[in-house]
Amino acid sequence: MLTELRISNFKAWKDTGLVRLAPLTVIFGANSAGKSSLGHLLLGLQQTTLLTDRRRAIHLGDRHSQIDLGTLSDCLYQHDLNEKLEFTLGWRLPQTVSLRDPLSPRNHYKGDHMRLESVIRADAKEQPQLERFRYELREQMKTTLKVEHGIGDQGKSYLNVEPLNLVKKQGRGWPIEAPEKFYRFSDVTLARYQNADVLSEFPLRLEHLLAGLTYLGPLREPPQRTYSWAGDTVPDVGARGALAIPALLAATHDGASLNRGPRKKYEKFDAFIARWLRDLGVIESFVVRPIAEGRKEYEVLVRTRTSSAEVKLTDVGFGVSQVLPALVQAFYAQPDSTVWMEQPEIHLHPQVQAELADAFISAVQAGQNGKPRNVQLIVESHSEHFLQRLQRRVAEEAISPNEVAAYFVRQQGAGVALVPLKINVFGEIENWPENFFADEMAEITARTVAAMRRKQQEGGSTHE
């Protein structure tokens, strides 16, 4: 689970500052404010880990990749190729790790958190080149092991590790290889030392973290009359939610059972999702059935009211098909993974937007097959109703302020700034930003003044 993020010189962001990420993190802001680029960078890092070319510092994307960030100039703040793209990721490990020095078994370095800092600059051909990266293993916020690998001013690679003392192998005095991608040690570099294998744990853990990142965009596929599923397990619902029904069928077929939080009843996955749809108020019932025995095609049938007939998903309001991928992904995500969503409330009635906050609170607290899921949701939203319900649940102690992080993106000079919203134990925002949402009191006052003026005018015209 991600615990902190910092990005410098990326798109509209000169420097986000160190951002605390909670199990449920919500980011608000105006359109085109720069919210989405935060998640897009993480997707760029994820697709870089999957790239076979280890020499490329970061895979900014193309038309075949999940995200296309353009050129390095497109990515850098104010397109300044003299700037350096810098980012920091901090994450909590599912279990405490202990890295041992094979040459001194009593020397071991324990930690329950890791942190990566990377710096990327433009080379002579304006392509991204890694300058350095730095890992830290941390326990109770104290660094127990750190390693920095990069390319110095003279173009010579270096590797510094503390407090572990690296010992060279005999006859292997060749120079250190350049770092690979934005986070990897070359296998040749590690082979120079008798005890450097422990360092490979860092990139492995980072790859595991990014492999668990899923993304749901704001534009989702329209509902279909039939859906195909051949029995395979899909990784997620897809960036446009096209695989929501296959994901639901796969989880149900695999026997997944979930509850809404500690000491709550467990249900099969399909029944669990159906009950949430009913509690959100968008339908009365929901079921997925094969169109015939032995076929791979399925139809989704819903009942909007108790007295109404079952109809296909295509024959009801658009909102059901749009919220379904968000709901399925929130609970389909694998334990200890992170889900980044953009505008899950799109096409939803204000009351349903508020109820969606309850569903997401449940998603970060739920258990699966008897164990905590520890899933993290990072949500970009424009919904005031979502935030108000979240504040209410904090006040009601359904979720603690430590489990929630909320931010507002605002313009700052040529770029943007990320303002943390301080939600206290009473659910109150202590630093309500100017122009955060529409000023409700100002609207009420202006409406009242206008109404009084019209009444006076109409009253005066009556007596003439």
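The values are calculated or read from the model by the stated rules, or taken from the named source; none is laboratory data. Worth saying up front: this structure is predicted, and the values here are computed from it rather than measured. With ideal geometry, Cβ positions are generated from the backbone for all residues, glycine too; neighbour counts draw on all protein chains shown. Note: areas computed on protein heavy atoms with side chains; ligands, DNA, RNA excluded. Shrake-Rupley method; radii C 1.70, N 1.55, O 1.52, S 1.80 Å.
Note on the chain: dipole from Cβ charges, positive end direction compared against P105, I67, L248; the farthest Cα belongs to P105.
If you find the alpha carbon centre of segment 160-202 and of segment 270-293, how far apart are they in angstrom? One Cα centre to the other: 53 Å. Magnitude of the charge dipole for the chain, about its Cα centre and with charges confined to Cβ atoms of Lys, Arg (+1) and Asp, Glu (-1), is about 980 debye.
Sorting H79, H108, H40, H149 on solvent-accessible area from highest to lowest, probe radius 1.4 Å, gives H79, H108, H40, H149. Of all stretches in the chain that contain no chymotrypsin sites (Phe, Trp or Tyr not before Pro) in a DSSP loop with at most 16 other Cβ atoms within 10 Å, the longest one is 1-265. Give a quick list of GluC sites (Glu not before Pro) in segment 237-323 that DSSP marks as loop, anything other than H, G, I, E or B, with at most 16 other Cβ atoms within 10 Å. Counting only loop positions with at most 16 other Cβ atoms within 10 Å, the GluC sites (Glu not before Pro) in segment 237-323 are E284, E293, E310. Of the trypsin sites (Lys or Arg not before Pro) in segment 110-177, the ones in a loop by DSSP (not H, G, I, E or B) with at most 14 other beta carbons within 10 Å are K125, K156, K169, R172. Along the charge dipole of segment 248-317, Cβ charges K/R +1 and D/E -1, which of L280, A309, G294 sits furthest on the positive end? In segment 248-317, that residue is L280. Taking every protein chain into account, the accessible area of the chain amounts to 49 square angstrom per residue (probe 1.4 Å).
Ignoring lysines fewer than eight residues from K371 along the same chain, the ones with Cα atoms less than 22 angstrom from its Cα are K264, K265, K268. Residue-wise HN-Hα couplings along segment 378-390, as the Karplus relation 6.51 cos²θ - 1.76 cosθ + 1.60 with θ = phi - 60° gives them from phi, are 10, 10, 8, 8, 10, 8, 5, 5, 4, 5, 4, 5, 4 Hz; Gly and Pro carry x.
Between the residues H382, A22, A211, the greatest Cα displacement towards the positive end of the dipole of the chain, with unit charges on the Cβ of Lys, Arg, Asp and Glu, is found for A211.
A cut-off under 12 angstrom between Cβ atoms defines the neighbours of L69, and their net charge, with Lys, Arg +1 and Asp, Glu -1, is -2. Taking a sphere under 11 Å around the Cβ of S36 and counting the other residues whose Cβ falls inside, with K and R at +1 and D and E at -1, yields a net charge of 0. The alpha-carbon of K125 sits under 25 angstrom from the alpha-carbons of these lysines, leaving out residues fewer than 8 places away in its chain: K11, K14, K84, K156, K181.
Split the accessible area of segment 39-155 by element, probe 1.4 Å, and carbon with sulfur accounts for 41%.
Can you give me the angle between helix 35-49 and the longest principal axis of the chain, using Cα atoms only, in degrees from 0 to 90, rounded to the nearest 10? It works out to around 40 degrees. From the coordinates of this entry, Rg and Dmax of the Cα atoms in Å is computed, and it appears in [x] 32.4, 110; [y] 24.0, 83; [z] 25.7, 109 under the label [z]. A Cβ-based charge dipole, computed about the Cα centre of segment 62-123 with Lys and Arg at +1 and Asp and Glu at -1, lands at about 580 debye. What is the sum of charges around I120, taking Lys and Arg as +1, Asp and Glu as -1, for the other residues whose C-beta is under 9 Å from the C-beta of I120? Local charge sum for I120: 0.
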